[in-house]
Structures are given as structure tokens and as C-alpha cells.
Amino acid sequence: MLRQRNLLTLTLGVALGATISLGGSALAEKEAGGDVNSIPFEGLKTFSEVYGRIRQDYVEPVTDDKLLEDAIRGMLTGLDPHSAYLDKEQYNELKVGTTGQFGGLGIEVGMENGFVKVISPIDDTPAQKAGVKAGDLIIRLDDKPVKGMSLNDAVKLMRGEPGSPIVLTIVREGVEQPIKIKLVRDIIKVKSVKSRLLEDGYGYVRITSFQSKTGDNVLEALGDLRKNGELKGLVLDLRNNPGGVLNAAVAVSDAFLDDGLIVYTDGRVEDSKMRFNATPSDVLNGAPIVVLINSGSASASEIVAGALQDHKRAIIMGEKTFGKGSVQTILPTSNGGAVKLTTARYYTPSGRSIQAEGIAPDVPISKVKLEAVAQSEFAPIKEADLVNHLDNKTKKEEPKKDEAKSAEDKEEALALQDYPLNEALNLLKGINIVRHRGGSTAVTKKN
């Protein structure tokens with residue numbers, strides 16, 4: 001019997017209404033088998049006895065197909081949170097997920113202590129708009145308790161026709177009482193890459209998930225930003241990015257690296273041992289980069305952050321990442337379904353395993369909330385306000401008051417809306433100030 005080993009992925013949890021993204025790798029076929037003498041006859045005998053008892057004595061008739069499928073699901077679920085059995089429908093949805101469009105709520109989830117844990121909400125989806133946050137524990141779906149459900153069963157309940165409502169009861173850290181959030185299911189269209197200029201010369205690129213075309217989309221976004229002139233710095237935002245396609249993570253890292261190892265994987269079988277190296281050409285020509293991360297950054301996000309950190313190509317800012325450092329391989333089965341099996345761990349260029357550890361930021365930023373301070377009616381008195389003050393003979397022309405006020409308001413607005421992003425922009429400015437004064441930084445282009 002031949003079993004096809006297909007499509008290496010770095011998925012994290014289950015995307016509601018979709019599933020997890022696939023990554024491309026060379027197809028290979030491997031003959032199933034093993035040492036016949038190692039067959040656990042005693043264990044199989046026990047399994048057969050239990051199987052027979054269920055068929056004979058269970059309160060309601062159960063089909064053989066259901067018993068066998070549930071046994072397979074249980075066998076995989078018991079291995080780790082990311083191995084799973086996918087029936088034909090789930091497998092087809094997984095493949096469709098790489099297009100970036102699917103139906104559901106727009107959250108990536110996993111299991112923790114019997115409850116569904118939100119890994120991260122996806123941008124511009126019902127979950128994100130309703131205020132679902134990374135780290136939330138879902139304890140009820142409408143009136144049904146989640147405790148005791150499998151992840152697949154919980155996901156099936158959360159799926160439904162676009163336009164249909166569902167109420168999530170959530171336990172959130174720091175909040176005493178459970179929170180009820182009503183969401184309306186929708187077709188989720190995930191735009192993988194978003195970009196804009198923060199200020200002249202300073203770009204912002206956000207990657208919401210790693211899809212098959214994310215690498216190309218990042219290059220296109222940078223090309224659009226550079227139409228206004230060369231970039232003096234870039235903020236790469238990977239916050240609440242749950243991961244996705246391995247090849248996309250490699251492509252994004254490669255865009256900013258000239259050479260060297262990006263990531264490698266290691267497992268028991270030979271085809272799980274892979275190495276990915278950068279190719280010449282840094283699209284930013286050494287301009288400084290700040291990568292924003294948080295606890296919702298996982299898998300492929302951690303590959304990018306780890307590679308740029310190890311190569312000293314970027315400064316990593318924010319919170320420690322999720323710590324999902326395992327590789328899942330999709331193994332299609334003869335019935336049209338598939339097995340999603342953890343086959344390897346991945347490592348950063350310096351040999352760090354991210355599994356259950358995560359990427360620690362170079363510059364930690366705690367969760368804070370800023371409030372604007374009310375301005376006094378009276379401006380402070382300065383030397384220039386004093387009667388008969390001496391003139392400054394070398395004074396250069398300053399921006400007009402309206403222009404200066406507009407710049408201050410814009411900076412204040414960014415700080416209030418997104419404090420970590422504002423800090424990242426300030427750090428980029430500081431790096432460029434040091435450069436222009438003849439200093440050195442840790443993010444300069446290698447010679």
C-alpha cells in the first residue's frame with residue numbers, strides 16, 4: 001500500500017470555516033510498512049475487545065465507519081494539539097484555505113485544558129470586529145458547553161451559513177466574569193498583506209497570514225511604497241499572525257536577506273530534514289527593519305522573526321511569541337481524507353527550537369493604554385517670549401505653525417491608536433539618526 005506524503009505545512013490550530021493553510025513541497029511517495037515483529041498484538045486484542053463491546057452493548061447502534069473514524073481521530077488527537085484526522089470535506093476545505101477565502105468567524109483556535117483557545121483573530125473578520133482577542137478561552141457555543149468536545153466538534157458548531165448568528169461565551173484573563181460575544185458568520189476573505197507609509201520614507205507592511213502568494217505580495221507592497229522614494233526604514237507587523245505556508249515564510253525572510261540559512265527542519269524520516277537558504281539581494285538595501293510580534297504571532301511568523309533576529313537584520317519588538325515550532329505534513333488517505341501529522345520541528349539559523357518557547361523580543365513592550373493629557377490654556381514661557389531677548393543669528397526657517405501642529409497631532413494619534421507601532425517608528429528614526437552621525441547599528445547590511 002502506497003501512502004502519499006504531500007504538502008509540508010506549518011499550521012497552527014484550526015481556522016474556523018476553513019482549516020489551515022498548505023505549503024508546497026516536492027511530492028514523494030513512501031511505502032507504508034515497518035517491522036512485522038513489532039506489531040502490538042496484545043494492544044490490538046484489547047482494541048478488538050472494546051470495539052466489539054461497543055458494537056454489541058452501546059445504548060444505540062453505531063456504524064463501523066463511525067467507530068473506526070473516531071478511533072483514528074482519538075489516536076491522532078492524543079499525540080499533540082496539531083495532529084489530526086481530516087475527513088474528505090475537511091481536507092477539501094484545507095486545500096481551499098490557501099486561496100485566502102473561506103466561510104466562518106475568522107479566528108485561529110486550538111485546545112487548552114478541554115476548552116477552545118483563541119490563538120488569534122484574523123483582521124477584518126467578524127471575530128476581530130466583535131472584539132475577540134488572542135488568549136481568550138471559549139467555554140460555550142450558544143448554549144452548549146465546550147468542555148468534553150473535541151476540537152473538530154467545536155469547529156463544526158462554529159461553522160454555518162454566512163449571515164447566521166452564534167454567541168461565544170469567553171473567559172478572558174484579567175476579567176472576572178465570562179463575556180458573551182455575538183457574532184454573525186460571514187465569508188472570510190483574508191488579504192494577506194497590507195501596507196502604507198507611516199511618514200515620508202518610513203513604510204509599514206502588515207502580514208495577516210502566510211498564504212501561497214504572500215512573498216510576492218510583500219514585494220509588490222514594497223514596490224508601491226518605494227514609488228514615493230527610497231525607504232529609510234520599515235515596520236514589519238506580524239502581530240496576531242497565526243502562521244501558514246512555510247514557503248511563504250521563507251520567501252518573506254529571503255526578501256530582506258542577502259545570504260545564509262533561513263530555517264531548517266529536523267525529524268525522524270529523511271524527507272522531514274530540510275534546509276532553506278537566502279538568495280542574493282536585499283530588497284531594502286540594508287534599510288533598518290523593526291518587526292512587531294506578540295503572543296498571537298505563531299509558526300511561520302516565528303520563522304521570519306527568528307531568521308531576521310539571528311542574522312541581526314531586524315530589531316524584534318513587542319511580546320514573546322506563541323511558540324509553535326512543529327511541522328505538520330499532510331498525508332492523503334485512500335478514502336479522500338487525510339492525516340495531518342506532526343513530522344518535524346523547525347529551527348532558526350542559530351539552531352534555536354521555537355517549540356513551546358517562542359521568540360523573545362529584543363525590545364519588550366508591555367500591553368499599555370495611553371491617554372492624551374489635556375493641554376493647558378497657557379503655553380510655557382520660553383526665552384524667545386521674553387522682552388528684548390537676543391536674536392539667534394544662525395536660526396533656520398522653521399515649519400509653519402499649522403504644519404508643525406499637524407505633524408504633532410498625527411504623531412499623537414498614532415501613539416494613542418497603536419502604541420507599539422509608534423514606538424517602532426520612533427526606533428527606526430533613532431537608528432537613522434545614529435547612522436547619519438557616523439555610528440553603527442545592529443541592522444546594517446552585511447558587506
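The values are calculated or read from the model by the stated rules, or taken from the named source; none is laboratory data. None of these values were measured; they are calculated from a predicted model. Note: ideal-geometry Cβ built from the backbone for every residue, glycine included; neighbour counts use all protein chains shown. We work out accessible area using only protein heavy atoms, side chains counted, and drop any ligands, DNA or RNA first. Shrake-Rupley method; radii C 1.70, N 1.55, O 1.52, S 1.80 Å.
How many residues does the stretch 260-282 contain that are free of Cβ contacts under 8 Å to residues at least 40 places away in the same chain, at negative phi and in a loop (DSSP other than H, G, I, E, B)? So that I can check it myself, show each step before the final result.
Of the stretch 260-282, the ones free of Cβ contacts under 8 Å to residues at least 40 places away in the same chain are 270, 275-281.
Within this subset, residues satisfying the condition of being at negative phi are 270, 275-280.
From what's left, in a loop (DSSP other than H, G, I, E, B): 278-280.
Final tally of qualifying residues: 3.
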Counting just the residues of the stretch 68-86 that are open to solvent by 30 Å² or more (accessible area, probe 1.4 Å) and not hydrophobic (A, V, I, L, M, F, W, C), which one comes out nearest to the chain's Cα centre (by Cα)?
Pro81
Check Lys133, Lys129 and return the single one that is closer than 21 Å to Phe322 by Cα, free of Cβ contacts under 8 Å to residues at least 60 places away in the same chain and basic (Lys, Arg).
Lys133
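When the residues of the stretch 182-197 are narrowed to those that are closer than 30 Å to Lys227 by Cα and either crowded, with 21+ Cβ neighbours inside 10 Å or without any contact (Cβ under 8 Å) to a residue 60 or more places away in the chain (or both), which ends up nearest to the chain's Cα centre (by Cα)?
Ser192
Take Thr348 and tell me if it is over 30 Å from Met75 (Cα atoms), open to solvent by less than 30 Å² (accessible area, probe 1.4 Å) and out of contact with any Lys or Arg (no Cβ under 6 Å at 6 or more places or on another chain). Break it down stepwise before answering.
On the way: over 30 Å from Met75 (Cα atoms): yes; open to solvent by less than 30 Å² (accessible area, probe 1.4 Å): yes; out of contact with any Lys or Arg (no Cβ under 6 Å at 6 or more places or on another chain): yes.
Considered against the rule, which asks whether it is over 30 Å from Met75 (Cα atoms), open to solvent by less than 30 Å² (accessible area, probe 1.4 Å) and out of contact with any Lys or Arg (no Cβ under 6 Å at 6 or more places or on another chain), Thr348 comes out as yes.
Name every residue in the stretch 285-310 that is on the phi > 0 side of the Ramachandran plot and open to solvent by less than 10 Å² (accessible area, probe 1.4 Å), in order of residue number.
Here is the first cut: in the stretch 285-310, the residues on the phi > 0 side of the Ramachandran plot are 285-286, 299.
Of everything in the stretch 285-310, those that are on the phi > 0 side of the Ramachandran plot and open to solvent by less than 10 Å² (accessible area, probe 1.4 Å) turn out to be Gly286, Ser299.
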In the stretch 208-223, is there at least one residue being of a type outside the set (Gly, Ala, Ser), touching a Leu at 6+ places or on another chain (Cβ under 6 Å) and either surrounded by fewer than 21 Cβ atoms within 10 Å (Cβ to Cβ) or touching a residue at least 40 places away in the same chain (Cβ under 8 Å) (or both)?
no
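I need the strands (runs of 3 or more DSSP E) fully contained in the stretch 295-366, keeping only those with at least 3 residues that are within 17 Å of the chain's Cα centre (by Cα) and either under 23 Å from Asp282 (Cα atoms) or modelled with pLDDT under 95 (or both).
Numbers: elements: 315-318, 326-332, 338-347.
Correct list: 326-332.
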